[in-house]
Amino acid sequence: MAINKVYESFDKAIADMPDGAVILLGGFGGIAPVPQNLTLALHRKGVKDLTIVTNNAGIDGRIGLGNIGGRSYVDHEILVTDGQVKKFIGAVPASIIVSRPNAFEQLYREGKVELEIVPQGTLAERIRAGGAGIGAFYTPVGVGTEIAKGKEKKIINGKEMILEYGLRGDYAFIRAYKADTMGNLVYKGVMRTFNAVMVTAADIVVAEVDEIVEPGELDPEVIVTPGIFVDRIVETSKGEVK
């Protein structure tokens, strides 16, 4: 009998999440699809002291709803605004619109949240390393900047490098196009971004998908994430954000 990893609701898929969890949040801001319904379920659950690992801490300073190119989406900034986030680890902590600072930016200035800035390529590599069981690696990125402060340095092939550690999460929220009931995932367009690497680096992986099919219905050539990495799948329904 094939394993069925389908959950009937987003709320049930994250029902066991405790306060203080580290969450890898897939997508790429409002440009690439993000796990919006999982974000809303997390907001409803009200868990606190979360560490969010993602590309950015909020797009444009609007509470809960962002807008890129005329397309609205649920922004994870809603979690920051309601005091659920303790720390952000990512590349872009500030709003991309200078005149409209995001919630994280404002709270950080008030000393109410923690921040770890990681260059975007280093962020992807730290997550990849975490998923591959690599403890740490050296990189020249960030040498001579604030990024390098307090980090171990080493000269390799005549070039100064800094030590960066692999990064894992307790949970990963992933956005994909299709899945079968065993958890094999297919992405569409820019959906891959951080999703495909984050799925390897968390203890519990929850995938939000547009459509779920039976095993054997997906073309093996287009499956990017094997089901062995995925623990739970939820399909978006009518009335839920896409």
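Is there any pair linking a residue in region 92-107 that is under 25 Å from THR122 (Cβ atoms) and at pLDDT 85 or above to one that is assigned to a loop (DSSP other than H, G, I, E, B) and β-branched (Val, Ile, Thr), with Cβ under 6 Å and at least six apart or on different chains, and which?
LEU107/VAL113
This table checks each residue for (1) small (Gly, Ala, Ser); (2) more than 20 Å from ASN56 (Cβ to Cβ).
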{"site": "GLU110", "(1), (2)": "no, no"}
{"site": "THR122", "(1), (2)": "no, no"}
{"site": "ALA136", "(1), (2)": "yes, yes"}
{"site": "THR145", "(1), (2)": "no, no"}
{"site": "ALA172", "(1), (2)": "yes, no"}
{"site": "MET182", "(1), (2)": "no, yes"}
{"site": "LEU185", "(1), (2)": "no, yes"}
{"site": "PHE194", "(1), (2)": "no, no"}
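Check GLY158 against each of (1) closer than 28 Å to VAL34 by Cα; (2) over 15 Å from the mean Cα position of the chain (by Cα) and name the one condition it does not meet.
(1)
Within region 129-146, can you find the residues that are in a helix (DSSP H, G or I) and modelled with pLDDT of 95 or more?
Initial filter on region 129-146 (in a helix (DSSP H, G or I)): 129-132, 146.
Result: ALA129, GLY130, GLY131, ALA132.
Could you go through region 209-218 and let me know if any residue there is within 18 Å of the chain's Cα centre (by Cα), touching a residue at least 40 places away in the same chain (Cβ under 8 Å) and under 17 Å from ILE14 (Cα atoms).
Within region 209-218, none of the residues are within 18 Å of the chain's Cα centre (by Cα), touching a residue at least 40 places away in the same chain (Cβ under 8 Å) and under 17 Å from ILE14 (Cα atoms).
Could you grab me the full set of residues in region 1-22 that are under 11 Å from VAL206 (Cα atoms) and in a loop (DSSP other than H, G, I, E, B)?
If the condition is that a residue be under 11 Å from VAL206 (Cα atoms) and in a loop (DSSP other than H, G, I, E, B), then LYS5, TYR7, ILE14 are the ones that fit.
Sort out which residues of region 110-144 are under 17 Å from ASN195 (Cβ atoms), basic (Lys, Arg) and surrounded by fewer than 16 Cβ atoms within 10 Å (Cβ to Cβ), and write them in order of number.
none
In region 36-52, which residues are of a type in the set (D, E, K, R) and over 16 Å from GLY169 (Cα atoms)? Walk me through it before giving the result.
Step one: list which residues in region 36-52 are of a type in the set (D, E, K, R), which gives 44-45, 48-49.
Result: ARG44, LYS45.
For LYS154, indicate whether it is basic (Lys, Arg), farther than 28 Å from LEU79 by Cβ and not in a loop (DSSP other than H, G, I, E, B). Give the steps one after another, and end with the answer.
Numbers: basic (Lys, Arg): yes; farther than 28 Å from LEU79 by Cβ: yes; not in a loop (DSSP other than H, G, I, E, B): yes.
Judged against the criteria, LYS154 is a match.
Say we look at region 35-90 and pick out the residues that are charged (D, E, K, R) and at pLDDT 90 or above; which of these is surrounded by the fewest Cβ atoms within 10 Å (Cβ to Cβ)? It would help to see each step written out before you state the result.
Of all residues in region 35-90, those charged (D, E, K, R) come to 44-45, 48-49, 60, 62, 71, 75, 77, 82, 86-87.
Cutting the leftovers down to at pLDDT 90 or above gives us 44-45, 48-49, 86-87.
Details: ARG44: 11, LYS45: 13, LYS48: 14, ASP49: 13, LYS86: 15, LYS87: 14.
The selected residue is ARG44.
Name the strands (runs of 3 or more DSSP E) wholly inside region 159-242 in which the number of residues that are over 18 Å from ILE3 (Cβ atoms), modelled with pLDDT of 95 or more and among the small types (Gly, Ala, Ser) is 2 or more. Can you show your working first?
Details: elements: 159-165, 169-180, 202-213, 232-235.
Counting at least 2 such residues, we get 169-180.
Quick one: ALA148 ticks every box in (1) surrounded by fewer than 16 Cβ atoms within 10 Å (Cβ to Cβ); (2) farther than 30 Å from ALA207 by Cβ bar one, so which box is it?
Going through the list (1) surrounded by fewer than 16 Cβ atoms within 10 Å (Cβ to Cβ); (2) farther than 30 Å from ALA207 by Cβ, ALA148 breaks only (1).
The values are calculated or read from the model by the stated rules, or taken from the named source; none is laboratory data. Treat the numbers as computed from the prediction; the structure is a model and nothing was measured. Note that each Cβ is placed from the backbone with ideal geometry, even for glycine, and that neighbours are counted across all protein chains shown.
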